[in-house]
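Peer 1: Below is a structure I'd like to ask you about.
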Amino acid sequence: MVSFKKPGTQEQPVEAEAPGLLQVQELVAGYGRKEIVHGISFEMDRGEFVCIIGANGCGKTTALRSILGLLPVMSGKIFINDVDTASMSIRRKARHFAYIPQVHVPPFPFKVADVVLLGRTPHLASSVSDVSKRDKVIAYQAMQQLSIEHLAEREYTELSGGQQQLVLIARALAQEPDILVMDEPTASLDFGNQQLVLTRLHKLSRDGVSVLMVTHDPDHALFCADRVIVMEQGVIICTGNPVDVITSEIMHRIYGTHVYVADVMVGDCRAVRTCVPLMAADTDDRETGGRYL
Amino acid sequence: MLFFALMGVALISFGLGRYFVAPAEIVRATGEQLHQLTLDLGAFLQSIANWFDVTFNGAKSVTAQSPSVIVDLKANAALFNIRFPRIVVVVLVGMALSVAGAAYQGMFKNPLVSPDLLGASAGASFGACLALLLNYGNELIQLFAFLGGMTAVFLVMWLNKMVRSDAILGLILGGILVGTLFSSGTSIIKLVADADDKLPAITFWLMGSFASITVRDMLTILVPMLAGFSILLSQRWSLNVLSFGEDEAKSLGVNTTRTRTLVIIGATLLTSCSVAIAGVIGWIGLVVPHLTRAIVGPNYKILLPTTMLVGSIFLLLVDNFARLLYSVEIPIGLLTSILGVPFFAFIYRKNMKGW
């Protein structure tokens, strides 16, 4: 997978005076009595694209689910726009966070426009009331933002995996949230569709949408993240600029495999950083295995 | 929205069309003359007017009719006392079973689910059989059936709360457990029932029938049925969201526990009432939602009301067959499947799109 260095990543200033969009303080979470996330803290600014990476079972999905309110928070606090989410109803929370799940096939062939319109649910006056014309306009704009308005009348179940994921992202945009929260949105997609989704996400983030994404692929983080949070066994081990954080040492530490982090020249003057996993044969070789970038 | 309202009205009148044709066919089948038919229709309308008169204005006499309409009193009585409540009940039950099925299919994210998934039918059957065994009268049989259905489903919900696992899985598992328990109970009752007298009554009851519906029956189920309909219809939008799964529904701001509870209560009210008054009528709750989905698509905002109309039309048609096909009435539960299966196969072939 080729990844492109995000333009402007380097000069992205951290505005200290601006209030953080999301603050997670000492979050402890898990399933049942089993604690999986052991107190993580991080902040996120408006317009930021933050990736959480880590090995399977490191607690990144658990953390995400408890931030969304899908799992109970065992202890710790989560603030959105300086408001404690613990006091929020599920409906109010849905106006702040939009969750984009992995693509899955629903049992019924809903029309794409209807699927996107479901994103308006938390904004309806009540659960009984009808969608207004304004809701339909917002849903349409969300589709336009992802350039999928031509799919509006198609059946969701007929689309390719990548298109389905774009529809789910459009639904999340129609929710008009503060943050898009994604759990490995590209996990079940083929190479081309992964790239399609990531490119559109990248564009959204440049348009000012804040994204919090869990991914298993460091290349995805290199491609679109402003900041990377690395988790290991329920704690954050480091955080920072993707190019600073994604190093062969860290990759080896969290994934237990040897990785060569390289800058690849694309065309004449653009360098792209990418992770190259090394085969056992490569690592036996002192030339390449001993000393990574 | 106007367009949908219009479509709804069109479908209602479609339903009413069948409604009026039904007596006409019976009249023809019994060898009545053609212009007698129009008189019958007139009488039928008149009897409705009378019925409203009697119920709402407290008019004493049913036979107080305008002189311009010559009315055969016998036909009037037949239409007014037997056919009218029967048709109303058939329409209500058709609506109830199909709307409950459609709601469950969305809630359980499974197109193969029918309204008796959580044991409502099994519980109601057990209740009715118990009342039959104890030689209770018609009203008590209905009450027992209704309570049996409600008990079964509340048992399932209680089990689900106890287990506290995946809500959907817990409910389905609980439904299987409780359903099996009540079916075994029914079998035990059949075993101990008098083979000459009660066993046939039980067996016949279980096959479902609209044969002995009275005006009183109709009025008894009207209130709980209307309650069930309004509950389910109020959850139309949430059902759309819920059919995408628990997590997504929650993150879209839907209180999934509340929606699920409401849908279960609504569907159980409807199913229990239906079984209590007409016995077990299978298949319709599974097929009609599919049929409707093939016509109007899966959006519950439209699907749910349309399903009600299609369900009532379908059951009315089948009930007409049940009455007319043979000199003795055929149990409707049998007919819904015998007619429904080929019909469904035909529709499925014609519209192979996944639903």
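Peer 1: Using a simple spin-label model with points 7 Å from Cα along the Cα→Cβ vector, what separation in nm is obtained for B:Asn255 and A:Ser89?
Peer 2: In this crude label model, B:Asn255 to A:Ser89 measures out at 0.7 nm.
Peer 1: Mean separation of Cα pairs under 8 Å and 6+ residues apart, divided by the residue count of chain A: what relative contact order is that in percent?
Peer 2: 24 percent
Peer 1: Using a 10 Å cut-off on Cβ to Cβ distances, tally the other chain neighbours for every residue of A:104-114 and report the average as a whole number.
Peer 2: 6
Peer 1: Would you grab the residues whose amide H sits under 5 Å from the one on A:Glu232? Only those 5+ places off in sequence or on another chain, please, with H modelled 1.01 Å from N.
Peer 2: Here A:Ile237 satisfy the definition.
Peer 1: Taking the convex hull of the alpha carbon atoms in region A:194-255, what volume per residue do you get, in Å³?
Peer 2: Hull volume normalised by residue count: 85 Å³.
Peer 1: In what order, largest first, do A:Asp244, B:Asp116 sit by accessible area if the probe radius is 1.4 Å?
Peer 2: A:Asp244, B:Asp116
Peer 1: In deg cm²/dmol and to the nearest 500, what is the mean residue ellipticity at 222 nm of chain A if only DSSP H runs of at least 4 residues count, each as -39500 (n - 2.57), divided by the residue total?
Peer 2: That calculation yields -8500 deg cm²/dmol at 222 nm.
Peer 1: Amide H of A:Ile36 versus every other amide H placed in the peptide plane: which residues, excluding those fewer than 5 positions away on the same chain, fall under 5 Å?
Peer 2: Answer set, sorted by chain and number: A:Ala29, A:Gly30, A:Tyr31.
Peer 1: Would you check the accessible area of B:Leu233, probe 1.4 Å, heavy atoms only, in square angstrom rounded to 10?
Peer 2: B:Leu233 has an accessible surface of roughly 50 Å² with all protein chains in place.
Peer 1: Calculate the FRET efficiency for A:Met74 and A:Val264 from the Cβ-Cβ distance with a Förster distance of 51 Å, rounded to the nearest 0.05.
Peer 2: Computed FRET efficiency for A:Met74 and A:Val264 comes out at 0.75.
Peer 1: Further question: Can you give me the solvent accessible area of B:Leu112 with a 1.4 Å probe, rounded to the nearest 10 Å²?
Peer 2: Spelled out: B:Leu112, probe radius 1.4 Å, area about 140 Å².
Peer 1: A follow-up question, please. Compute the distance from the alpha-carbon center of region A:149-194 to that of region B:204-233, in whole Å.
Peer 2: 44 Å
Peer 1: Let me ask another. Out of residues 5 or more away from A:Val214 or on other chains, whose amide H comes under 5 Å of its own, with H placed 1.01 Å from N in the peptide plane?
Peer 2: It is A:Ile52, A:Met182, A:Asp183, A:Glu184, by chain and number.
Peer 1: Follow-up. Could you give log10 I(q)/I(0) at q = 0.13, 0.15, 0.17 Å⁻¹ for chain A, computed by the Debye formula over C-alpha point scatterers of equal weight, without solvent?
Peer 2: Log-scaled intensity ratios, in q order: -0.95, -1.23, -1.48.
Peer 1: Determine ³J(HN,Hα), in whole Hz, for all residues of region A:75-89 in sequence, where each value follows from phi through the Karplus function 6.51 cos²θ - 1.76 cosθ + 1.60 and θ = phi - 60°; x replaces Gly and Pro.
Peer 2: Karplus values, whole Hz, x for Gly and Pro: 7, x, 10, 10, 10, 10, 6, 6, 10, 5, 6, 4, 8, 8, 6.
Peer 1: Nearest 100 Å² is fine: what is the total accessible surface buried where chains B and A meet, probe 1.4 Å?
Peer 2: 2700 Å²
Peer 1: Report the local net charge at B:Asp247: Lys and Arg +1, Asp and Glu -1, summed over other residues whose C-beta lies under 15 Å from its C-beta.
Peer 2: Cβ neighbours under 15 Å give a net charge of +1.
Peer 1: Another one. When the label point is put 7 Å from the Cα of B:Asn110 along its Cα-to-beta-carbon vector, which residues of region B:135-153 have a backbone N closer than 17 Å?
Peer 2: Residues B:153 qualify, since their backbone N sits under 17 Å from the label point.
Peer 1: Grab the other residues whose beta carbon is less than 12 angstrom from that of B:Ile281, score K and R as +1, D and E as -1, and report the net.
Peer 2: Local net charge: -2.
Peer 1: Continuing with the same structure: Leaving ligands, DNA and RNA out of it, work out the accessible area of A:Ser41 with a 1.4 Å probe and give it in Å² to the nearest 10.
Peer 2: 60 Å²
Peer 1: Students often get this wrong, so check it: of A:Lys111/A:Lys133; A:Lys77/B:Lys250; A:Lys60/B:Lys109; A:Lys34/A:Lys60; B:Lys161/B:Lys250; B:Lys250/B:Lys301, which have C-alpha atoms separated by over 24 Å?
Peer 2: Too far apart for the 24 Å limit: A:Lys60/B:Lys109.
The values are calculated or read from the model by the stated rules, or taken from the named source; none is laboratory data. This structure is a prediction, so every number in the text was calculated from the model and none was measured. Every residue, glycine among them, receives a Cβ derived from its backbone with ideal geometry; neighbour counts consider all protein chains shown. Note: areas computed on protein heavy atoms with side chains; ligands, DNA, RNA excluded. Shrake-Rupley method; radii C 1.70, N 1.55, O 1.52, S 1.80 Å.
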